[in-house]
Number of protein chains: 2
Amino acid sequence: MSAASYFPQDIIIKKRDGGALTRDEIQFFARGVASGQFADYQATALLMAIFWRGMTPQEVAWLTDAMMRSGEVIDLNDVPGAKVDKHSTGGVGDKVSLILAPLAAACGVKVPMMSGRGLGHTGGTLDKLESIPGFRVMLSVTEFRDILRKVGAAMIGQTPQVVPADRKLYALRDVTGTVECIPLICASIMSKKLAEGIDSLVLDVKFGQGAFMKRKEDALALARAMVEVGRAAGKPVRALLTAMDQPLGRCAGHTTEVIESIECLKGRGPRDLMEVTYALTGHMLILGGAARDEADARAKMEAAIADGRALTKFREMCAAQGGDARVIDDYSLLPTAQKRLEIRAGADGAGFVSAVDALKCGHAIMALGGGRAAVTDKVDHAVGISDLIKIGEPVKPGALLCTLHVNDDTKGAKAEALVREAIAFSAQPPKSTPLIQDLIQ
Amino acid sequence: MSAASYFPQDIIIKKRDGGALTRDEIQFFARGVASGQFADYQATALLMAIFWRGMTPQEVAWLTDAMMRSGEVIDLNDVPGAKVDKHSTGGVGDKVSLILAPLAAACGVKVPMMSGRGLGHTGGTLDKLESIPGFRVMLSVTEFRDILRKVGAAMIGQTPQVVPADRKLYALRDVTGTVECIPLICASIMSKKLAEGIDSLVLDVKFGQGAFMKRKEDALALARAMVEVGRAAGKPVRALLTAMDQPLGRCAGHTTEVIESIECLKGRGPRDLMEVTYALTGHMLILGGAARDEADARAKMEAAIADGRALTKFREMCAAQGGDARVIDDYSLLPTAQKRLEIRAGADGAGFVSAVDALKCGHAIMALGGGRAAVTDKVDHAVGISDLIKIGEPVKPGALLCTLHVNDDTKGAKAEALVREAIAFSAQPPKSTPLIQDLIQ
């Protein structure tokens, strides 16, 4: 495929006037952004025009493909078995990847997972893994392939060779108000996932106040766009729409989430977290040919947790990536905060929990020093939230609402104020909303 | 006035979402673009968002003011008399400035005119003046002020100190598909005109196939926006909407237009050209207090032409700016093309002229070497069109349609094909459309 030569302004004008770009024009753009032939100030004008005018499914598929081909596309053909990955648009307390990867591997599919770091109020998988002493996420493709072959699951950071056009475009979008654009989000996510060498993909598209997408219809549009791009690339993709109004599970932070994930693999996971984990992993097993249907997948996953195979996979992956696997049996080997602050209900805390605002909980993590405002910020792995009360649970004055893991009293006070703001009560039990709201395929 | 500090992306997002920017935000943008605090790639995203969402009249006034203040604002308070200028959005054969400036000066207003060079198919006033041997258009502000005081009219190029933000923004707009945007066009024109130190302004906003604005409603919107900006700046502005379907007058090019302009000042100008010139100059005289109304203005202008005062002003201005004023009496001192090519009607040329496509005539001038495709191109002053037939004139096979002034046979053949394409015939006289269609004030 050769990209013809164009004037960037002609492409900008075409999109500005609502036209659909050709495959060649999109290739010229994606390559030109990386090479500099498409100047940054022209790229951002086009990004704003795309924000305004949108893109057809065909344009999004071409953009994804062109971005993917801007760098290395990992070839995993020499790794036997079905390679299936999961991607989540991110939410507070979302540690599903840490449970799902070993669980899916224990059930017979290969999980080649490349993740990003956290930015803003949602935590990143890489940061969570790095709270395990020694755990290396920056592996070479060769190491990645070897661990995948031997263990069945590997969780690494994106190598600089993968989709350079996305790094460039994302940096430009971030400073030009063109982040919240479904075609661009879709192409960004899917180009990175398709570059991993996967056979199929399960997506967790979150919506609600704690998610990137506030409105369900936007999440639905993104899910549909991503499934469509998968279809165009010949890779089956399923997307679950999940609610992110309260944090997932009872822990948020890094160490606290690692502990909660290990508890899940030990069969002691909280209900909501397991529900999402089983749903996503189940579709991975189906796509990878390791289960006939959701019931079959569920039985296999429960067995793998009950007999310890899932935990063993986590142990193997941890060791293979240089991590101290003894943490699995001794949580005190993980970074521990200086102080635990128990947040208890006051006199008004009677009746039921009606809200646990995920966004405010995310901000509490940020306040504790457990998040990043800028990509260069260091995160404190030890701080976080545990024992978080859930929507619908009964409450009495003096009841424990959560435990804050604190390394600085001022920060702790700020975080306490935020979690107190996050949690609301009602006399009657609140109407429960389903966690998993839609399956797009 | 101090500009507060903002993040460029917040301003971009506000406009992207359809908001109106504050005066401080607009100042931050206009200053930041010149200083680099507002990166080019952020400026172009904002320009596209402005293209999409538009600007309120208040925003346009603030942007004009901020752009004007990005550089030197010329102070002409020490020049006695009313300083009135004219600006045209440009069209093929539009040499009105060359006649209007000395004519208005002869009638008692001061004309401090800064013009641009031609780009594309419409000629530039500076280029036309430079076909007069020795004529200097790049004068210092001191020389400009002196000539204005002594002669009453000076016609110069924009100094680099005037409105630097516009040069930067225009260069970015040119390569990002954000040229055809009324708020940005308005701020670009008005910031430069208000920086001249004028008291009032007359605008010629052209529309039609030979003009920058193809549609009358766009021209009307631009005219209204510019009048509004003038009001906000406390400078009375009047705008005429004029049709540009056929070239203005019978000549196009540089030397040919200078000769036609001198002919006008000698009282031998073509009807359409004089109509536009009288209308625009008349409003200048009214705004400058040199005439009571249009009828009074017309009488004064006709007298100034009849008794030679307007021609004398042209002679004085020409001499003051270093030009060889003898050209006024001896056109052979102007650059002359090697060959004159008479274009005559063929067998189908019977009846009436129904169209003289101004855009195609402009392209013929370009083909002859008399235009600029890029700002760095040199123009051939000698080539051009004269004796051009006008819409509605009767025609017979063999009748002269125009004379091409040619320096290269291949280019001449190309230009001939273009003017032949431009001119159409009909059996019945075509419906005549008024040249001046609206006055906005």
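Evaluation of A:D324 against the conditions (1) out of contact with any strand residue (DSSP E or B) (no Cβ under 8 Å at 6 or more places or on another chain); (2) crowded, with 16+ Cβ neighbours inside 10 Å shows that the sole unmet condition is (2).
Those residues that are surrounded by 19 or more Cβ atoms within 10 Å (Cβ to Cβ) and not charged (D, E, K, R), I need them from the range B:205-219; list them, please.
Of the range B:205-219, the ones surrounded by 19 or more Cβ atoms within 10 Å (Cβ to Cβ) are B:205-208, B:210-213, B:219.
Answer for the range B:205-219, where residues must be surrounded by 19 or more Cβ atoms within 10 Å (Cβ to Cβ) and not charged (D, E, K, R): B:V205, B:F207, B:G208, B:G210, B:A211, B:F212, B:M213, B:A219.
Would you check which residues across the range A:350-373 are part of a loop (DSSP other than H, G, I, E, B) and surrounded by fewer than 19 Cβ atoms within 10 Å (Cβ to Cβ) and list them?
Matches in the range A:350-373: A:A350, A:A373.
Within the range A:212-240, the set of residues being aliphatic (A, V, I, L, M) and closer than 11 Å to A:Q441 by Cα comprises A:A223, A:A225, A:M226, A:V227, A:V237, A:A239, A:L240. Taken as a whole, the range B:385-405 holds at least one residue that is β-branched (V, I, T) and more than 27 Å from the chain's Cα centre (by Cα). Take the conditions (1) farther than 17 Å from B:S386 by Cβ; (2) at pLDDT 95 or above; B:Y331 misses just one of them, which is (1). Within the range B:16-28, if we keep just the residues that are within 14 Å of another protein chain (Cβ to nearest Cβ) and of a type outside the set (D, E), the residue that is surrounded by the fewest Cβ atoms within 10 Å (Cβ to Cβ) turns out to be B:G18. The residues listed here are B:A297, B:A279, B:A290; of these, the one that is surrounded by 14 or more Cβ atoms within 10 Å (Cβ to Cβ), more than 25 Å from B:K150 (Cβ to Cβ), among the aliphatic types (A, V, I, L, M) and touching a residue at least 24 places away in the same chain (Cβ under 8 Å) is B:A279. Could you please find all residues in the range B:257-300 being β-branched (V, I, T) and touching a Leu at 6+ places or on another chain (Cβ under 9 Å)? Hits for the range B:257-300 are B:V258, B:I259, B:I262, B:V276, B:T277, B:T281. Every test in (1) surrounded by 14 or more Cβ atoms within 10 Å (Cβ to Cβ); (2) farther than 30 Å from A:A171 by Cα is passed by A:T410 save one, and that test is (1).
If we keep just the residues of the range B:29-77 that are more than 22 Å from B:G230 (Cα to Cα) and away from every other protein chain (no Cβ under 12 Å), which is nearest to the chain's Cα centre (by Cα)?
In the first step, residues of the range B:29-77 are kept if they are more than 22 Å from B:G230 (Cα to Cα); the result is B:32-49, B:52-53.
Checking which are away from every other protein chain (no Cβ under 12 Å) leaves us with B:32, B:34-37.
Numbers: B:G32: 29, B:A34: 26, B:S35: 29, B:G36: 30, B:Q37: 33 Å.
Among those residues, the one meeting the criterion is B:A34.
Every condition in (1) surrounded by 18 or more Cβ atoms within 10 Å (Cβ to Cβ); (2) more than 14 Å from every other protein chain (Cβ to nearest Cβ); (3) touching a residue at least 40 places away in the same chain (Cβ under 8 Å) is met by A:G108 except one, and the failing one is (1). Any residue at all in the range B:178-199 that is touching a Leu at 6+ places or on another chain (Cβ under 6 Å) and within 13 Å of another protein chain (Cβ to nearest Cβ)? Checking the range B:178-199: at least one residue is touching a Leu at 6+ places or on another chain (Cβ under 6 Å) and within 13 Å of another protein chain (Cβ to nearest Cβ).
Looking at B:Q338, is it crowded, with 20+ Cβ neighbours inside 10 Å, of a type in the set (S, T, N, Q) and touching a residue at least 12 places away in the same chain (Cβ under 8 Å)? Answer is no for this residue.
Within the range A:178-195, being among the charged types (D, E, K, R) and surrounded by 24 or more Cβ atoms within 10 Å (Cβ to Cβ) holds for one residue alone: A:K193. The residue of the range B:143-177 that is nearest to A:R16 (Cα to Cα), among those that are surrounded by fewer than 21 Cβ atoms within 10 Å (Cβ to Cβ), more than 14 Å from chain A (Cβ to nearest Cβ) and modelled with pLDDT under 95, is B:R167.
Scoring A:V92 on the criteria (1) of a type in the set (A, V, I, L, M, F, W, C); (2) buried (at least 24 other Cβ atoms within 10 Å of the Cβ); (3) modelled with pLDDT of 95 or more leaves a single failure, condition (3).
The values are calculated or read from the model by the stated rules, or taken from the named source; none is laboratory data. Only a predicted model underlies this, so the values are computations on that prediction, with no experimental measurement involved. Note: ideal-geometry Cβ built from the backbone for every residue, glycine included; neighbour counts use all protein chains shown.
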